[in-house]
1. Can you tell me how many residues in the range 16-37 are farther than 22 Å from Leu64 by Cβ and in a loop (DSSP other than H, G, I, E, B)?
2. Kindly evaluate Gly50 against the criterion of being exposed (fewer than 13 other Cβ atoms within 10 Å of the Cβ) and at pLDDT 85 or above.
3. Give the residues of the range 29-40 that are open to solvent by 80 Å² or more (accessible area, probe 1.4 Å) and either closer than 17 Å to Cys17 by Cβ or free of Cβ contacts under 8 Å to residues at least 12 places away in the same chain (or both), sorted by residue number.
4. So, in the range 55-67, how many residues would count as being more than 22 Å from Gly20 (Cα to Cα) and open to solvent by 80 Å² or more (accessible area, probe 1.4 Å)?
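The values are calculated or read from the model by the stated rules, or taken from the named source; none is laboratory data. Small disclaimer: the values here were computed from a predicted structure and weren't measured. Neighbour counts are summed over all protein chains in view; Cβ atoms, including those assigned to glycine, are modelled from backbone coordinates with ideal geometry. Only protein heavy atoms, including side chains, enter the accessible area calculation; ligands, DNA and RNA are left aside. Shrake-Rupley method; radii C 1.70, N 1.55, O 1.52, S 1.80 Å.
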Amino acid sequence: MDNSRETTRAWHRASRCIGGDCLEMMITDDEVLVRDSKSPGTGALRLAPGVWADLLDRVRDGNLDRA
């Protein structure tokens with residue numbers, strides 16, 4: 001994984017994150033990165049901004065399939 005672009009940006013956690021076991025996100029010019037705060041060195045999920053926005057909308061609306 002190329003972390004060179006990540007070093008100039010900051011990772012953010014939700015304000016409701018308690019205890020440090022949370023997802024962290026970083027927004028760059030062309031993607032949204034999401035990682036596990038417990039294992040930040042294992043990599044990040046990289047999403048296009050439109051995909052991230054769709055995911056957030058689906059979470060807010062409760063429209064996610066649970067397998």
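1. Quick first cut of the range 16-37, residues farther than 22 Å from Leu64 by Cβ only: 18-20, 26, 28-30.
When the remaining residues are screened for being in a loop (DSSP other than H, G, I, E, B), the result is 18-20, 28-30.
So the count comes out to 6.
2. Numbers: exposed (fewer than 13 other Cβ atoms within 10 Å of the Cβ): yes; at pLDDT 85 or above: yes.
It is true that Gly50 is exposed (fewer than 13 other Cβ atoms within 10 Å of the Cβ) and at pLDDT 85 or above.
3. To start, the set of residues in the range 29-40 that are open to solvent by 80 Å² or more (accessible area, probe 1.4 Å) comprises 29-30, 38.
The answer is Asp29, Lys38.
4. 7
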